[in-house]
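Computed from the coordinates by the stated procedures, all read-outs in this text should not be read as laboratory data. In this text the structure is predicted, and so the values were computed from the model without any measurement. Cβ atoms come from the backbone with ideal geometry, glycine included; neighbour counts cover every protein chain shown.
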Amino acid sequence: MPPIVEVNGLTKRFPGGITAVNNITFQVHEGEIFGFLGPNGAGKSTTIMMLTTLLRPTSGRAHIAGFDIIKQPNQVRSVIGYVSQDLAVDDNLTGRENLRLQAGFYHLPAREARARIAELLDLVGLNERADFRVETYSGGMRKRLDIAAGLLHRPRLLFLDEPTLGLDIQTRREIWRYVTGLQQSFGMTIFLTTHYLEEADVLCDHIAIIDQGVIKTIDTPGHLKAQFGGDIVTLRFAPGTSQEQEALALESIARLDVVSNIQKTGDEVMIITPDGDRTVPVVFETIQPLDVSVQSVTVKRPSLDDVYVAVTGRHLRDEVIDAEASRRARIRMRRVKS
Amino acid sequence: MNGIMLVDAYYVYWREMKRLSRQKTRIVMSVIQPVVWLVLMGNMMTGLTNNPFAARMIGADSYLDFMTPGIMIMSALFGSVFGGVSIIWDRQTGFLNKMLAAPISRTAIPLGKMAGIASQAALQVIVIGIIALLLGVEFATGPAGFLLALVIIILFSFGVSGISLSLATILKTHESLFAVMNFVTLPMMFASNAIFPKAAMPSWLELIATYNPLSHAVTPIRTLIVQGWVWDRIINGLVVMALFALVMIIVSSRQFKRSVG
Ligand SMILES: Nc1ncnc2c1ncn2[C@@H]1O[C@H](COP(=O)(O)OP(=O)(O)OP(=O)(O)O)[C@@H](O)[C@H]1O
Ligand SMILES: [Mg+2]
């Protein structure tokens with residue numbers, strides 16, 4: 001099956017000289033969840049806006065479900081759904097009216113539209129508030145409504161730009177439960193950007209890390225983490241262990257096949273190994289005859305954060321805060337003006 | 001123009017009308033404003049029509065007869081000149097992108113908005129018509145003339161909101177659109193025959209007033225009220241308004257397509 005998204009050398013240069021997206025090439029396969037990860041201003045939204053026909057690329061090509069984004073924009077539009085990072089719901093309408101409008105824009109027959117709207121309102125838990133104006137909704141409710149609007153015409157490919165930014169953990173989980181449920185029942189493909197690594201890690205089949213308009217790496221979350229070199233086992237010897245005993249222990253651990261790297265920082269020993277769970281018993285067997293006792297041991301899988309830091313030189317945690325701040329500023333601006 | 005485009009425009013229009021129906025203050029104000037104008041101006045100026053010389057210049061026995069079409073057009077003007085704001089607003093909230101990501105005709109967006117603004121102008125004029133009737137202003141032509149007046153108002157509103165929407169695609173902020181449109185509105189108002197008869201104007205102003213599209217909307221309505229079916233005074237304004245609306249629909253949808261292209 002040909003990929004549902006095929007991007008070739010796509011570039012966007014804004015007037016004023018900023019190259020937001022610089023010659024990116026990648027593919028997304030039908031039915032998968034594809035994640036775009038990157039710091040603020042990396043070019044994630046710009047890429048999505050080009051793929052959703054909202055922004056004209058400076059150069060390069062892209063096809064969605066075989067349709068050229070420049071030459072066949074209307075065909076592309078009927079295949080995709082788009083939930084922007086802007087919370088684009090109409091405050092003056094009710095939740096149900098927002099969805100009815102969306103159904104109109106996608107030319108759904110009235111009867112079908114009514115049924116799907118009822119079903120989706122139920123699904124995103126907005127049934128009781130459906131006939132209240134969106135003005136009275138919380139941020140999470142608005143986001144759920146916006147996502148419902150994106151799902152209404154059952155797109156083959158759904159773009160979600162920062163779908164859970166600024167929502168509490170519980171709402172985030174709920175949203176992902178809805179979305180993955182739908183994805184499974186309709187075989188939909190999802191293209192998402194997120195600042196939450198745990199989300200990307202759990203949800204995505206493939207992840208692209210993008211920085212300053214360039215794709216740094218694309219792979220499965222598992223491979224990305226494996227590339228980093230395996231698990232981290234941290235060991236702390238019991239107080240009173242002598243220098244010689246410790247040196248001897250370290251030496252014998254380092255000789256083990258399962259250990260790819262060992263490092264001592266302070267009174268902690270860090271062991272890098274492809275498989276942490278199996279390494280721990282082996283390490284214990286090795287040091288038992290040496291009569292040293294261990295105070296604590298922890299096994300940690302390298303997080304996507306470790307990968308992210310290695311690739312972009314930045315912590316994503318700070319990014320979440322930045323992104324949150326800019327989102328709030330955007331919303332604040334809107335409130336002031338309204 | 002095709003069927004799908006009209007369906008799309010209908011949904012854009014539907015949204016505009018829903019939004020309007022929720023703005024209670026705006027609805028109340030849009031009724032109060034013309035009432036105040038009618039009552040205030042009508043009373044203030046009745047002295048004028050007692051003076052036979054002035055009455056001849058005005059061309060009507062009562063200043064209210066003369067004034068009513070002016071108030072109608074003025075309300076339509078004020079309601080339409082800021083029509084472009086809604087597109088700027090949609091751009092800032094991201095709603096415009098939401099619409100543009102859907103497979104809808106691009107022309108449908110400005111067209112639906114213009115239709116929304118024109119309907120609003122028409123509703124306002126119906127209210128003014130009723131109030132004017134209560135104050136004794138009757139169409140010499142009877143109710144049919146009022147319907148024709150509504151058609152003229154709708155065409156006028158399409159034209160003016162088309163100007164506003166076209167400017168909105170270039171200016172991109174409320175502030176600059178407000179500034180430009182405010183600058184245009186009052187001169188357009190006073191350099192027309194809406195409030196003062198052309199006969200009372202200095203010749204340079206009279207020249208401007210003659211070509212001002214506003215005058216072309218006022219003259220046929222005034223004729224319908226004061227004189228009746230005097231077609232050679234009506235037809236000219238009707239044709240000019242139809243052209244004005246058509247040209248502005250084309251210009252604004254081109255501008256819009258270019259700005260989102
Ligand atoms: N309309 C525009 N005109 C000029 N520059 C722009 C425009 N839109 C985006 N940019 C610039 O392009 C770059 C990429 O922006 P983009 O919105 O794609 O980033 P992002 O990865 O989505 O960031 P975030 O995580 O903050 O949403 C930024 O430097 C931004 O300032
Ligand atoms: Mg973004």
Check your understanding: Using the alpha-carbon atoms, what tilt in degrees (0 to 90, nearest 10) does helix B:24-50 show relative to the longest principal axis of chain B?
Key -> 20
Study note, to complete from the structure: Relative contact order as a percentage, chain A, C-alpha pairs under 8 Å and 6+ apart, gives 19
Review point. Which one of A:V309, A:V79, A:V282 has the biggest mean-square fluctuation once chain A is modelled by GNM with Cα springs under 10 Å?
Key: A:V282
Check your understanding: Rounded to a whole number of µm²/s, how large is the Stokes-Einstein D of the range B:3-260 at 10 °C and 1.306 mPa s, given Rh as the Kirkwood radius over C-alpha pairs?
Key -> 84
Practice item. Show that you can apply the helix-only estimate: for chain A, add -39,500 (n - 2.57) for every DSSP H stretch of four or more residues, divide by all residues, and state [θ] at 222 nm to the nearest 500. Key: -13000 deg cm²/dmol
Review point. Between A:S260 and A:S303, what is the FRET efficiency for a Förster distance of 30 Å, r being their Cβ-Cβ separation, to the nearest 0.05?
Key: 0.95
Study note, to complete from the structure: Expressed as a whole-number percentage, the relative contact order of the range B:145-219 with C-alpha contacts under 8 angstrom and at least six residues apart is 27
Exercise for review: Ignore the peptide's own chain and count Cβ atoms of other chains within 10 Å of each Cβ in B:19-26; give me the average, rounded.
Suggested key: 2
Point to revise | Relative contact order of the range B:3-260, defined on C-alpha pairs under 8 angstrom at six or more residues apart (%) | key: 26
Check your understanding: Sorted by packing (mean other beta-carbon atoms within 10 Å per residue), highest first, where do A:40-49, A:7-16, B:69-78 land?
Key -> B:69-78, A:40-49, A:7-16
**Study point:** Taking all pairs of distinct alpha-carbon atoms in the range A:1-76, Kirkwood radius in angstrom
**Key:** 12.7
Check your understanding: Going by the alpha-carbon gyration tensor, a ≥ b ≥ c the square roots of its eigenvalues, is the range A:1-140 rounded (a/c under 1.5) or, if a/c is not under 1.5, prolate (a/b greater than b/c) versus oblate?
Key -> prolate
Point to revise | For the range B:1-146: rounded, prolate or oblate by the Cα gyration tensor [a/c cutoff 1.5] | key: prolate
Check your understanding: Which angle between 0 and 90 degrees, to the nearest 10, do you get for helix B:63-81 versus the longest principal axis of chain B when only C-alpha atoms count?
Key -> 10
Review point. What is the range B:172-246 by shape, rounded, prolate or oblate, if you read a ≥ b ≥ c off the alpha carbon gyration tensor as root eigenvalues and call it rounded for a/c under 1.5, prolate for a/b larger than b/c, and oblate otherwise?
Key: oblate
Review point. Along the Cα-to-C-beta direction of A:Q245, a point sits 7 Å from the Cα; which residues of the range A:255-294 have their amide N less than 14 Å from that point?
Key: A:287-294
**Study point:** chain A: angle of helix A:95-105 to the longest principal axis, Cα-based, in degrees nearest 10
**Key:** 70
Practice item. Could you calculate the FRET efficiency of A:S78 with A:Q288 from 1/(1 + (r/R0)^6), where r is the beta carbon distance between them and R0 is 45 Å, rounded to 0.05? Key: 0.10
Exercise for review: Show that you can apply the helix-only estimate: for chain B, add -39,500 (n - 2.57) for every DSSP H stretch of four or more residues, divide by all residues, and state [θ] at 222 nm to the nearest 500.
Suggested key: -27500 deg cm²/dmol
